[in-house]
1. Quick check: the distance between the Cα centres of segment 154-217 and segment 337-410, to the nearest angstrom?
2. How many percent of DSSP beta bridges within the chain run antiparallel, rounded to 5?
3. Specify which labelled value, from [x] 210; [y] 166; [z] 142, agrees with volume of the Cα convex hull per residue in Å³ derived from the coordinates of the model shown.
4. Packing-wise, with mean Cβ within 10 Å as the measure, how do 357-367, 85-95 rank, highest first?
5. Taking the Cβ of Asp93 as the center, what net charge do the other residues with Cβ under 13 Å away carry, scoring Lys and Arg +1 and Asp and Glu -1?
6. What is the helix-to-structure angle for 177-193, meaning the angle in degrees between its Cα long axis and the longest Cα principal axis of the chain, kept from 0 to 90 and rounded to the nearest 10?
7. Using the alpha-carbon atoms, what tilt in degrees (0 to 90, nearest 10) does helix 235-250 show relative to the longest principal axis of the chain?
8. In the structure displayed, which of Lys32/Lys238; Lys240/Lys307; Lys302/Lys413; Lys5/Lys413 lie more than 20 Å apart, Cα to Cα?
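The values are calculated or read from the model by the stated rules, or taken from the named source; none is laboratory data. Predicted, not measured: the structure shown is a model, and the values here were computed from it. Every residue, glycine among them, receives a Cβ derived from its backbone with ideal geometry; neighbour counts consider all protein chains shown. These area figures cover heavy atoms from the full protein model, side chains too; ligands, DNA and RNA do not enter into them. Shrake-Rupley method; radii C 1.70, N 1.55, O 1.52, S 1.80 Å.
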Amino acid sequence: MLYRKAYEKLKEWKQQTHRKALCIVGARQIGKTTIIREFGRREYQSFVEINFATDPKASEIFADSYVAEVLITNLTAYAQQPMEPYKTLILFDEVQECPQVRTAIKFLVEDGRFDYVESGSLLGQRYKEILSYPVGFEEIYRMYPLDFEEFILANGVQDSTIQHLRECFERLTPVSNSVHETMCRLFYSYMVVGGMPEAVRIYTETHDIGQVVSYQREILELYRLDIAKYAMGNDRIKIKAIFDSIPAQLNEKNRRFILRDIAPNGRQNRYENSFLWLSDAGVALPCYNVAEPKQPLQLNEKHNLFKLFHCDTGLLCAACMENIQWELLQGNMAINLGSILENMMAQQLTANGFSLNYFATKKIGELDFLVSKGMKVLQIEVKSGKDYKKHPALTRMMAVEAWKGNSSYVLCKGNIEAEHGIIYLPWYQVMFLRQEKIPVNMKYEVDISGLEKKEDDL
């Protein structure tokens, strides 16, 4: 079985004293159900799976009442297997087909006899059918396709090698040439194969790129069918047009999404819900322009200016009309494939916990990515060619006094190097640029004893 970091998240969740239901969301075919099944069978004495897509009648469990005793009775009757209290995990899969689950989960969690994981795609599209959201009783976890680290583990790279690469990243020491060249080749493979678990399995077992691409095109068609099934009314046409235009839009010089390319008379506000639909579905990753590269970035966002990346670079390659896979596998980034490389970085940075932004003005130029890490802003330039030390926009930004506290990175073909305040990292080292985790225990208490003394004086 493929190693997924989501498994570690599930283990952390199980160790919590007061567990909520865990709701795992994300695009289709990224491995949500598979990892939950494996977790349930390994970590619990009994595991129950209820899939509302394959068995529509399962929704009758919630038809009569939201009283916990009634719900538990219905669940045990449906499962027809032993469900020992406090040792059983119940998976509600494809919950977008049964919105009542999101209401009922509050009462099931309060009951406390069993643990619950919900999973589904397009959960945001049927929110109007949910009578009451389980605020305080449900934890949302967004899952993505395999990231680069998970991909290289699937391809036989050892933990010790990854640890060595991490130490090089932390110490800013170059990677040995042999390791560097091998990691670059794995990176090229990842750009073509992407992170869809089945595509990765096909590649690791056969190394047949033709089979990989054939499967990827099936996934793209499945996404289009989802649009036809779940999108409402006229939005279907808009959403499909946006989805199908992502490769061409990214191929433009500035990568920015231009609405008039798909709708000459279209207005941004009329298409806003369509962009959000694709983002909520997990199949597109928005990257918003910011007015200034200062914290907090989200308050500086300009939502009418954005790039739209594909959720999986392998799927993006398969969606392109040209046969670009062979060129990528040879490491040829000079044939107008910078958009593929930039999409790869967007995918990895998102998986690493970052929200995506970019910066562009006539005076400064355009910088590919800005992300927040703690109180710092990381300024990231992605270079596809050999002249990666030429980065005029980044150089101009670093000269602005108000922005000198930002950290600057160039992701490139070269090895690790620090020069003139810029850290140059090989493309594959992006896997170590990660968002800081919020501490589990972050207690803060104000000592009010001074107020009590003051009151005694009054």
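1. 23 Å
2. Roughly 35 percent of the beta bridges in the chain run antiparallel, per DSSP.
3. [x]
4. Result, highest mean first: 85-95, 357-367.
5. -2
6. That works out to roughly 60 degrees.
7. Compared with the principal axis, the helix lies near 30 degrees.
8. Exceeds cut-off: Lys32/Lys238; Lys302/Lys413; Lys5/Lys413.
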